[in-house]
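In what follows, a structure is listed as structure tokens, so that the remarks can point back to it.
The values are calculated or read from the model by the stated rules, or taken from the named source; none is laboratory data. For clarity, every value in this text was computed on a predicted model and none was experimentally measured. A quick note on method: Cβ atoms are made from the backbone with ideal geometry, for glycine too, and the neighbour counts reach across all protein chains shown.
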């Protein structure tokens, strides 16, 4: 039944969000900072954000522009997390006031 | 854990087969109403500007931004993240219950949201106290200036978002939301999810990326 599937998916989404959060904390506590770690954390942010937007906010079924504008937040910010790690001097130069 | 979640779903009557109500959101319809979406986009823009300031400050003060997260209590950040994600789940469940005409159970889910919000606020207050005992204050470094500005702003959003959830409980008790008409509840739910979304970004920026 469609409604059962819809609401049971929310249960699994909650479990996935819990697992990803615990995984992030574990990485923070144990792993040395590296490109892979930063990419993994940025990827986790993207997936968590999209799950909340699509499954809890229930935007998975709405007009593409609305869905895209919300999801865009969770494409751009993870990308900025990675770029800040990879190109700090370039971003510092871009944001220098004088 | 999966069993607990599935049993919780069954208890909430989410798998009801009552054909009088449409248990799913209508395809293509944006949940909530226009004004709340103006608010959501405005709030997310405000936080986006804070994130941009965070990134700019991080590249200009790289040493203090490397040390800053190590000085924070990651367990406080972790507990707050788990509480907010769970509160968002509870709100989503409450909306589902109203669609199924399970009003009392929707109220229980929203009470769970309030409990999670209060837990968040208490943990955050304790974290600020813990920081103060370590000598970590707004002026300790650029990292802590950004940290306090961002987290206290978010703290205020959780507090008044909790007020909106209390209003939703009051309206539910008064019969203000029905399976056919619950736009106001959806609007409050979407606003609450927005608060959760912002924290999903704050947590790794301040506590995880070291």
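Hey, among B:32, B:96, which residue is closer than 17 Å to residue A:52 by Cα, modelled with pLDDT under 95, touching a helix residue (DSSP H, G or I) at 6+ places or on another chain (Cβ under 6 Å) and not in a helix (DSSP H, G or I)? Walk me through how you get there before you give the answer.
Values: B:96 fails: not in a helix (DSSP H, G or I).
Sole residue among the options that is closer than 17 Å to residue A:52 by Cα, modelled with pLDDT under 95, touching a helix residue (DSSP H, G or I) at 6+ places or on another chain (Cβ under 6 Å) and not in a helix (DSSP H, G or I): B:32.
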Residue B:35 passes all but one of (1) surrounded by 19 or more Cβ atoms within 10 Å (Cβ to Cβ); (2) within 30 Å of residue B:186 (Cα to Cα); which number fails? (1)
Of the residues in region B:129-141, those that are surrounded by fewer than 17 Cβ atoms within 10 Å (Cβ to Cβ) and assigned to a helix (DSSP H, G or I) come to B:129, B:130, B:132, B:133
Please work out which residue is surrounded by the most Cβ atoms within 10 Å (Cβ to Cβ), limiting yourself to region A:28-41 and to residues that are more than 8 Å from chain B (Cβ to nearest Cβ) and in contact (Cβ under 8 Å) with a residue 24 or more places away in the chain. A:39
Please verify whether residue B:132 is at pLDDT 95 or above and within 13 Å of another protein chain (Cβ to nearest Cβ), treating the condition exactly as stated. no
Testing residue A:60 on (1) more than 7 Å from every other protein chain (Cβ to nearest Cβ); (2) touching a strand residue (DSSP E or B) at 6+ places or on another chain (Cβ under 8 Å), one condition comes back false. Which one is that? (2)
Residue B:45 fails exactly one of (1) crowded, with 16+ Cβ neighbours inside 10 Å; (2) more than 13 Å from the chain's Cα centre (by Cα), namely (1)
Taking region B:181-210, which residues are away from chain A (no Cβ under 14 Å) and in contact (Cβ under 8 Å) with a residue 12 or more places away in the chain? B:184
It is to be established whether one or more residues within region B:68-90 are surrounded by 16 or more Cβ atoms within 10 Å (Cβ to Cβ), within 30 Å of residue A:82 (Cβ to Cβ), under 20 Å from the mean Cα position of the chain (by Cα) and free of Cβ contacts under 8 Å to residues at least 24 places away in the same chain. yes
Mind counting the residues in region B:99-126 that are under 19 Å from the mean Cα position of the chain (by Cα) and not in a helix (DSSP H, G or I)? 0
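Let's see how each residue does on (1) part of a helix (DSSP H, G or I); (2) within 7 Å of chain B (Cβ to nearest Cβ); (3) on the phi > 0 side of the Ramachandran plot; (4) surrounded by fewer than 18 Cβ atoms within 10 Å (Cβ to Cβ):
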residue	(1), (2), (3), (4)
A:5	yes, no, no, yes
A:12	yes, no, no, yes
A:18	yes, yes, no, yes
A:21	yes, yes, no, no
A:26	yes, no, no, yes
Among the numbered criteria (1) within 29 Å of residue B:57 (Cα to Cα); (2) more than 8 Å from every other protein chain (Cβ to nearest Cβ); (3) assigned to a helix (DSSP H, G or I), which one does residue A:48 miss? (2)
Has region A:52-65 got any residue that is free of Cβ contacts under 8 Å to residues at least 24 places away in the same chain, more than 20 Å from residue B:196 (Cβ to Cβ) and assigned to a helix (DSSP H, G or I)? yes
Mind checking which residues of region B:160-174 are touching a residue at least 60 places away in the same chain (Cβ under 8 Å) and more than 20 Å from the chain's Cα centre (by Cα)? B:172, B:173
